[in-house]
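The values are calculated or read from the model by the stated rules, or taken from the named source; none is laboratory data. The model shown is predicted, which means the values in this text are computed figures rather than measured ones. Using ideal geometry, Cβ is built from the backbone for each residue, glycine included, and neighbour counts are taken over all protein chains shown.
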Amino acid sequence: MFLSLKIALQALATHKLRTVLAMLGVFLGALALTGVRHVSKAMVRQAEIEVEKLGPNLFAVFAGQTRFSRGGDARTAGGANTFQLEDAQAVIRSLPGVIRSVPVITRPMPVRSGNTKIQCQLVATWPEYPAVRSFQPGMGRFFTWEEERDRAKVVVLGLKIAQRLFGDPQKATGQVVYVFRAGLTVVGVMEEKGSDISGTDQDEQVFVPLSTYMRRMANQTWVTGVFLQMADGTDFNRVKQAATSLMRARHNIAGGKRDDFSVLSAEDTMQLKQQALDLVDVLGLISSTLSFAVGGLGILSIMILLVRARRLEIGVRRAMGAKKRDIVRQFLLEAGVMSAVGGGAGVLTALALITVVYAAGSFPYVYDGWLILQALGGSALLGVAAGAYPAWQAANVEVLQVLRDRA
């Protein structure tokens, strides 16, 4: 076996340029298969993490028509003032499987401390918001039901907001900040959370009691929507149908007319992201398949040329007692080595590139050992398959004719 491998390497080294060109297709195929599939898996894992950030079993009903782009970013249009607090309370009372729930009002608003003024997203809500959204204070506390009832002038800052206003978030608690024109006392700073799957940076938010905003700051009766934490095993399709029927009845929307609200769950945005990632996966498979096909044809071509160039060597080996299966094994080994080296180089290059992509894009570091083995094994098998016909040709060389031609 060692001698056969040595002969194979010497034969390939004799035709360096042809060998490299033949391996190039396999290299690109392994690179595309390993790289694209790994990045796709990392993006799926990132989407799963972002779904987890939204909160466990989260369900939501919002004013207006919410649409998600292929990347998952949310856009809302129309009906912003049609969703009353009573609608949110009716949804909370009527839907099956609700464990916790919070109405919310969200809107961009400036927040100021001293001479520092920055834009943020204000979130007016109930005290159960941290439990529903799985988002807890990292310093201090969230506001209480008593503060909600009393319309207390308190605020909880997102981590980035606290850093930008005070430098050190630990200095924020107890300070007074001005949200719009209202002076509010900071009672807590939220933990670091990052962006959720809808594209909202949760560290750029400030939180106030719903009653404080609705009565002291804005004097309004409508809300942006309501978040609900559902029980495990909830049939979200059934819940969506129930919520849609309830809201259409409350808003007197006749059949055939468009809803002025949106009903969605975290899985909805996950599905859109998954559709985009599936497309990336398919394109990666197509490109890698084409590259492997080109690589296989390249190996087939160079092996046929090697058989023609080595007819005398084959004849001498047969005359010295080598059997047909020895010749077949030799040429299959050469094709397999060529393909395996190209595939191995492609896999190693892909792993290096995806590591850079993970670091640059802040993706989770996902490495799939089974996928790597598939790429390596597939590359080697491709070489064996491509070398089968040339190996058969070599084994069936007419020994006497070759020796007579060389005499």
*Is at least one residue of segment 138-152 in contact with a Leu (Cβ under 9 Å, 6 or more places away or on another chain) and among the aromatic types (F, W, Y)?*
no
*For the subset of segment 260-287 comprising residues that are among the hydroxyl-bearing types (S, T, Y) and not in a helix (DSSP H, G or I), which member is modelled with the lowest pLDDT?*
S265
*What single numbered condition from (1) crowded, with 18+ Cβ neighbours inside 10 Å; (2) within 28 Å of the chain's Cα centre (by Cα); (3) at pLDDT 85 or above fails to hold for Y213?*
(2)
*asked:* Suppose the filter is of a type in the set (S, T, N, Q) and more than 30 Å from the chain's Cα centre (by Cα); does Q330 pass it?
replied: yes
*asked:* Exactly one condition in (1) within 11 Å of V111 (Cβ to Cβ); (2) charged (D, E, K, R); (3) free of Cβ contacts under 8 Å to residues at least 40 places away in the same chain is false for D168; which is it?
replied: (1)
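Which residues, counting only those in segment 156-168, are part of a loop (DSSP other than H, G, I, E, B) and either touching an Asp or Glu at 6+ places or on another chain (Cβ under 6 Å) or within 13 Å of F207 (Cα to Cα) (or both)?
Within segment 156-168, just G158 meets the criteria.
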_For segment 187-206, give me each residue that is out of contact with any Pro (no Cβ under 9 Å at 6 or more places or on another chain), surrounded by 23 or more Cβ atoms within 10 Å (Cβ to Cβ) and assigned to a strand (DSSP E or B)._
V206
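Residue by residue through segment 95-125, note down the ones that are surrounded by fewer than 20 Cβ atoms within 10 Å (Cβ to Cβ) and assigned to a loop (DSSP other than H, G, I, E, B).
Passing the criteria: P96, G97, G114, N115.
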_Can you list residue pairs whose Cβ atoms sit under 7 Å apart, with the first residue in segment 136-155 being within 16 Å of M214 (Cα to Cα) and part of a helix (DSSP H, G or I) and the second being of a type in the set (A, V, I, L, M) and at pLDDT 95 or above? Count only pairs 6 or more apart in sequence or on different chains._
E147/V154; E148/L210
*Limited to segment 280-326, what total is found for residues that are farther than 16 Å from G383 by Cα and either of a type in the set (A, V, I, L, M, F, W, C) or not assigned by TED's automatic domain parsing to the domain that holds V384 (or both)?*
12
*asked:* For A335, only one of the following conditions fails: (1) surrounded by fewer than 18 Cβ atoms within 10 Å (Cβ to Cβ); (2) free of Cβ contacts under 8 Å to residues at least 60 places away in the same chain; (3) of a type in the set (G, A, S); (4) touching a Gly at 6+ places or on another chain (Cβ under 9 Å). What is its number?
replied: (1)
*Filtering segment 216-259 down to residues that are among the hydrophobic types (A, V, I, L, M, F, W, C) and in a helix (DSSP H, G or I), which residue is surrounded by the fewest Cβ atoms within 10 Å (Cβ to Cβ)?*
A249
